[in-house]
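Enquirer: Pasting a structure below so you can have a look.
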Amino acid sequence: MRRMMTIILAVVLCQQVLAQDEQRLTAEQVLAEMDSPTFVPTVKVGKVLHEGDSIQYMEMNNVYVYPQLTFKNKKQAESYMRLVKNVKKVLPIAKEARQMLIETTEYLETLPNEKAKEEHIKRVEDDIFRTYKPKMKKLTYSQGKLLIKLIDRECHSTGYDMIKAFMGPLRAGFWQVFAWGFGASLKKEYDAKGVDRLTERVVLMVEAGQI
């Protein structure tokens with residue numbers, strides 16, 4: 001389980017070395033990003049029985065209402081629009097990683113011995129490399145750093161802790177130094193109520209299909 005996350009993080013960090021510079025968004029690109037939800041809003045329709053009567057109900061996504069953002073200048077506005085774009089690109093990958101952890105953990109519990117578990121983990125690793133390496137190559141430097149944080153948000157564990165648990169403190173220290181050399185940190189925790197509060201606002205609205 002932990003090895004999968006190690007590989008995902010390692011690929012992210014390695015590809016950051018070759019990441020392209022951030023591109024400036026045109027007004028048309030900004031509007032396209034805002035009007036193209038990553039997660040489509042869902043509506044569930046059902047019925048409940050109340051005192052002999054059948055009552056229909058609708059269950060919808062959460063709808064988040066925030067104060068309107070104000071920007072001091074054009075650069076600040078562009079930074080926000082870039083954050084929206086980046087979240088919409090890497091959040092699905094972070095959620096896929098979380099789902100893989102859940103599914104693999106549940107399946108490993110059904111296997112009879114350690115050999116069978118190791119063989120299954122190896123197959124999962126090979127599949128991750130085939131599926132995600134092309135995606136990681138397309139990430140920019142800031143998107144890779146954001147993905148590391150969003151994986152922590154989804155899985156409730158930092159990349160450093162995951163590598164340390166599987167490979168030990170020496171290897172975890174090596175990857176941390178490697179990440180630090182490129183301005184990232186595997187020890188950074190996602191702080192939804194602190195430094196990452198704007199990111200959390202964007203994430204919640206993206207999840208709800210509002211942007």
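Enquirer: Ranked from the most accessible area to the least, with a 1.4 Å probe and all protein chains present, what is the order of His50, His156?
Expert: Greatest to least solvent exposure: His156, His50.
Enquirer: A further question follows. Hey, if we sort Leu101, Leu170 by accessible area with the 1.4 Å probe, largest down, what's the order?
Expert: Accessible-area ranking of Leu101, Leu170, largest first: Leu170, Leu101.
Enquirer: Among the lysines, which fall within straight-line cross-link reach of Lys89, defined as a Cα-Cα distance under 19 Å, with same-chain neighbours fewer than 8 residues apart omitted?
Expert: Within the straight-line limit of under 19 Å, Lys89 reaches these lysines: Lys133, Lys135, Lys137, Lys138, Lys145, Lys149.
Enquirer: Only loop residues by DSSP count here, and only those with at most 11 other Cβ atoms within 10 Å; note down the GluC sites (Glu not before Pro) in segment 97-205 that meet that.
Expert: Glu109
Enquirer: Now a separate question. By its C-alpha gyration tensor, with a ≥ b ≥ c as the square roots of the eigenvalues, how is segment 69-149 shaped: rounded for a/c under 1.5, else prolate for a/b larger than b/c, else oblate?
Expert: Prolate is the answer for segment 69-149, as a/c is 1.5 or above and a/b outweighs b/c.
Enquirer: In square angstrom, rounded to the nearest 10, how much accessible surface does Asp161 have for a 1.4 Å probe?
Expert: My reading of the accessible area for Asp161 is about 80 Å².
Enquirer: Each residue of segment 76-82 in turn: what ³J(HN,Hα) in whole Hz from Karplus with 6.51, -1.76, 1.60 and θ = phi - 60°, glycine and Pro shown as x?
Expert: Values per residue, Gly and Pro as x: 5, 5, 5, 4, 5, 4, 5 Hz.
Enquirer: What figure, in Å² to the nearest 10, do you get for the accessible area of Lys164 with a 1.4 Å probe and non-protein molecules left out?
Expert: 100 Å²
Enquirer: From the phi angles alone, apply the Karplus equation (6.51, -1.76, 1.60; θ = phi - 60°) to segment 143-148 and give each ³J(HN,Hα) in whole Hz, x where the residue is Gly or Pro.
Expert: 5, x, 5, 5, 4, 4
Enquirer: A further question on this structure: Ranked from the most accessible area to the least, with a 1.4 Å probe and all protein chains present, what is the order of Thr140, Thr110, Thr131?
Expert: Reading off the accessible areas and sorting them downward yields Thr110, Thr131, Thr140.
Enquirer: Something else about it: List, in order, the whole-Hz ³J(HN,Hα) value for each residue of segment 112-125 obtained from phi through the Karplus relation with A = 6.51, B = -1.76, C = 1.60 and θ = phi - 60°; use x for Gly and Pro.
Expert: Computed from phi, the couplings for segment 112-125 are x, 8, 5, 4, 5, 5, 5, 5, 5, 4, 4, 5, 5, 4 Hz.
Enquirer: Next question, about the same structure. Extension gain Lys47-Tyr80, at 0.36 nm per residue separation less the Cα-Cα distance, in nm?
Expert: Working it through step by step, the gained length comes to 7.7 nm.
Enquirer: Can you give me the solvent accessible area of Tyr132 with a 1.4 Å probe, rounded to the nearest 10 Å²?
Expert: For Tyr132, solvent-accessible area is about 20 Å².
The values are calculated or read from the model by the stated rules, or taken from the named source; none is laboratory data. Quick caveat, the model's predicted, so the values are computed rather than measured. Cβ atoms come from the backbone with ideal geometry, glycine included; neighbour counts cover every protein chain shown. Calculation scope for accessible area: heavy atoms of the full protein, side chains included, ligands and nucleic acids excluded. Shrake-Rupley method; radii C 1.70, N 1.55, O 1.52, S 1.80 Å.
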